[in-house]
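For reference, the structure is listed below as structure tokens.
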């Protein structure tokens, strides 16, 4: 049950997925920043999702609509 090959393989997968996800989200936030009027929203969303690691609806809503809090 304690096969080292399985443990190493399993340990590497989340880091690889996180890298791909972060790359895709970075591209999305870069494209969003280019849209008129959404530069600040893009920065807040990038911080909330990538830096803080929050992807729950209240956190996203607060990043998009900061004055509604």
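General observations
- The combined condition, being under 9 Å from the mean Cα position of the chain (by Cα), on the phi > 0 side of the Ramachandran plot and loosely packed, with under 12 Cβ neighbours inside 10 Å, is not fulfilled by residue 37.
- Those residues of the range 33-43 which are in a helix (DSSP H, G or I) and over 12 Å from residue 64 (Cα atoms), in sequence order: 33
No value in this document is a laboratory result; all are computed from the given coordinates. Please read all numbers here as calculations on a predicted model, not as lab measurements. Quick reminder, even Gly has a Cβ in these numbers, built from the backbone with ideal geometry, and neighbours come from all protein chains shown.
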